[in-house]
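The values are calculated or read from the model by the stated rules, or taken from the named source; none is laboratory data. These numbers were taken from a predicted model, which means no experiment stands behind them. Keep in mind that these areas ignore ligands, DNA and RNA; they rest on the heavy atoms of the full protein, side chains included. Shrake-Rupley method; radii C 1.70, N 1.55, O 1.52, S 1.80 Å.
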Amino acid sequence: MWIITIHTKDNIKIFEFDTEKEAKVTFERMQGCKFLTQVIYYNDEYLVEFT
């Protein structure tokens, strides 16, 4: 999951995206103090090691 956080003088807005590409395209279009963050859940299937 990808998160864009935008800080303005009076507000904080958070937008959530499923793909990196979608988040980066949107991030480039947004203005203001912004952060792009990837959220990794340690219980995601692709991170779990099966024995």
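What to note about this one:
- Per atom type, the chain shows carbon and sulfur on 52% of its accessible surface, probed at 1.4 Å.
- Probe 1.4 Å, protein heavy atoms only - accessible area per residue of the chain in square angstrom: 90
- The angle between the Cα long axis of helix 20-29 and the longest principal axis of the Cα atoms of the chain comes to about 10 degrees, rounded to the nearest 10.
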